[in-house]
Amino acid sequence: MSTNNQLTIKSIFKHFIATLTGKEQNFTTGSIRKAVFMLSIPMIFEMLGESIFALVDIFYVSRVSVNAVATVGLTESVLTLVYAIAIGLCMGAAAIVSRRTGEKDQEGAKQAAVQVIFLGVSISILISVIGILFPREILGFMGGEADLIEEGYGYTQILLGGNITVMLLFLINAIFRGAGNASIAMWTLILSNGLNIILDPIFIFGFGPIPAFGVEGAAIATTTGRGVAVIAQLFVLFRGNSYIKIGFKDLVFRTKVMLNLIKVSLGGIFQFFIGTSSWVILMMIMATFGSDVLAGYTIAIRIMMFTLMPAWGMSNAAATLVGQNLGAKKPERAEQSVWKTGKYAAIFMGTVSVIYLIFAETFLSWFTKNPIVIENGAVCLQIIAAGYLAYAYGMVVIQSFNGSGDTYTPTLINFICFWLFQLPFAYLMAVVLDYGPIGVFWAITLAEILIAIIGIWFFRKGKWKTMKV
């Protein structure tokens, strides 16, 4: 091996170790490729961990019953509305924190972090009350059959009741990412998902003195794992050596900072509300085709998320790079970062799409032996994978808008592509023209392709470079 190759491998390994230890925080100078690498790697590991948990979770739940799998699908569709709020706040937090980091305003970054935690806790309490009091009504509204509701309402009650663990896990990790320290976010999610994977079979099937809770056990495991991870996050924020370190004296309500956070976050919340509400309605359409079809769809989406999450990690890296470089008055460097990240994401997603197109049925058969579930899940996976190249650029560009603080352009794009196109097209194809589930699958793929096309067009116009946050 040549000396140059040895140096390259040694350099890559050195950067890789740095990404895992959180030594790098400011990415406004130096190699863009290195910056993308050092931010993306921990985010990819973080998202892969989340994806692995999702697969393991559905693997165990599928051993309980088809209704259990369908319950998970319906509940998570509702929970995505919580995610919409959490991710919208994450966008605001990450945009402001990364901008303050680029400006070298550490105190401003700290103040934004405190306000986002205050806001997240307040919202999650309200959602908990609704989830604890009305789990049966929620599943019934989603189209769940009577036996499904009776078997699965406890799962819904626990997950929505304990949504504060989801909210804080997302928000505090967004703070870490905005500061450029993606490795802390990665390690907390590894802790959360590792505990989930260990606890899932224990609570679902029982172990020693612990009874078998069935599908409820999956919710107990998930909430416990996330809760422990949140405690670890708070420890790092208050007692660790992170870039943003909070003291009890900092726990003060700051009206100006809070209003700015809400202003930036509102676009993100509505942006994801549009997407997630569309997802909920698609799930309601799928529920009309029966539990077997719904279970196949749920499993396919879990498998799909395994590869969407790493691309989402890369897009989060692009958002951080955009925020920090705009803060450092380097808009051209911010734009270069987006195109390079998009290229890497497209290479990855394009490779995966080929694998899914060939082996879809094999992957579904790992989770169930029900032929109807396998058939519908495989078709879903193949049709959605056909649009993976567009997904890659679409996710990166949309997150780049959010990283700049422009959450309104992606909101407009989502409104056009999801509400004006995806939902009417899905209903027309699946119900009116009687194509069934395939109509829904094509609506998902075509909407995501449309998002990529419109997103790139807006991005090239360059208005995002002048955003103030």
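The values are calculated or read from the model by the stated rules, or taken from the named source; none is laboratory data. Predicted model, so just to flag it, every value in this text is computed and none were measured. In this analysis, Cβ positions are derived from the backbone assuming ideal geometry, glycine residues included, and neighbour counts consider all displayed protein chains.
A single member of Gly144, Gly152 is outside any helix (DSSP H, G or I) and in contact with a Gly (Cβ under 8 Å, 6 or more places away or on another chain), and it is Gly144. Put simply, of Phe289, Phe306 the only residue that is closer than 25 Å to Ala360 by Cβ and within 19 Å of the chain's Cα centre (by Cα) is Phe306. Take the residues in the range 168-224 that are aromatic (Phe, Trp, Tyr) and not in a helix (DSSP H, G or I); name whichever of them is surrounded by the fewest Cβ atoms within 10 Å (Cβ to Cβ). The selected residue is Phe207. Counting only helices (runs of 4 or more DSSP H) that fall entirely inside the range 356-414 and contain at least 2 residues that are at pLDDT 90 or above, within 30 Å of Arg333 (Cβ to Cβ) and among the β-branched types (Val, Ile, Thr), the qualifying elements are 388-404, 408-414. Evaluating Ile149 against the criteria (1) over 22 Å from Pro135 (Cβ atoms); (2) surrounded by fewer than 24 Cβ atoms within 10 Å (Cβ to Cβ); (3) of a type in the set (A, V, I, L, M, F, W, C) leaves one unmet condition, (1).
The set of residues in the range 399-413 that are surrounded by fewer than 24 Cβ atoms within 10 Å (Cβ to Cβ) and farther than 16 Å from Lys263 by Cβ contains only Leu412. Among residues of the range 319-348 that are polar (S, T, N, Q), those with a Cβ under 7 angstrom from a residue that is part of a loop (DSSP other than H, G, I, E, B) and buried (at least 19 other Cβ atoms within 10 Å of the Cβ), sequence gap 6+ or separate chain, pair up as Thr320/Gly180; Gln324/Phe27; Gln324/Thr28; Gln324/Gly180; Asn325/Thr28. Against the test of being among the aliphatic types (A, V, I, L, M) and over 28 Å from Glu375 (Cβ atoms), the options Met284, Met314, Met305 yield a single qualifying residue, Met314. Of all residues in the range 295-309, those that are under 20 Å from Thr276 (Cβ atoms) have Cβ atoms under 6 Å from Cβ atoms of residues that are at pLDDT below 80 and hydroxyl-bearing (Ser, Thr, Tyr), 6 or more apart or on another chain, in Met305/Ser51; Phe306/Ser51; Met309/Ser51. Considering the range 326-380, and only residues there that are among the polar types (S, T, N, Q) and surrounded by fewer than 14 Cβ atoms within 10 Å (Cβ to Cβ), the residue that is nearest to Thr101 (Cα to Cα) turns out to be Thr351.
Tyr427 - would you say it is touching a residue at least 24 places away in the same chain (Cβ under 8 Å), under 30 Å from Gln324 (Cα atoms), among the aromatic types (Phe, Trp, Tyr) and crowded, with 17+ Cβ neighbours inside 10 Å? Judged against the criteria, Tyr427 is not a match. Checked against the criteria, Ala447 counts as under 28 Å from Ala317 (Cα atoms) and crowded, with 17+ Cβ neighbours inside 10 Å. Taking the range 95-140 as the range and being closer than 20 Å to Leu259 by Cα, surrounded by 15 or more Cβ atoms within 10 Å (Cβ to Cβ) and within 21 Å of the chain's Cα centre (by Cα) as the test, the residues that pass are Ala95, Ile96, Val97, Ser98, Ala113, Val116, Ile117, Leu119, Gly120, Ile123, Ser124.
One residue is enough: does the range 270-281 have a residue meeting the conditions among the aromatic types (Phe, Trp, Tyr), in contact with a Lys or Arg (Cβ under 8 Å, 6 or more places away or on another chain) and closer than 18 Å to Val116 by Cα? There is no residue in the range 270-281 that is among the aromatic types (Phe, Trp, Tyr), in contact with a Lys or Arg (Cβ under 8 Å, 6 or more places away or on another chain) and closer than 18 Å to Val116 by Cα.
Condition check ((1) closer than 22 Å to Phe441 by Cβ; (2) free of Cβ contacts under 8 Å to residues at least 40 places away in the same chain) across all residues:
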{"position": "Trp366", "(1), (2)": "yes, no"}
{"position": "Ile372", "(1), (2)": "yes, no"}
{"position": "Glu375", "(1), (2)": "yes, no"}
{"position": "Gln382", "(1), (2)": "yes, yes"}
{"position": "Tyr388", "(1), (2)": "yes, no"}
{"position": "Ala392", "(1), (2)": "yes, no"}
{"position": "Asn402", "(1), (2)": "no, no"}
{"position": "Tyr408", "(1), (2)": "no, no"}
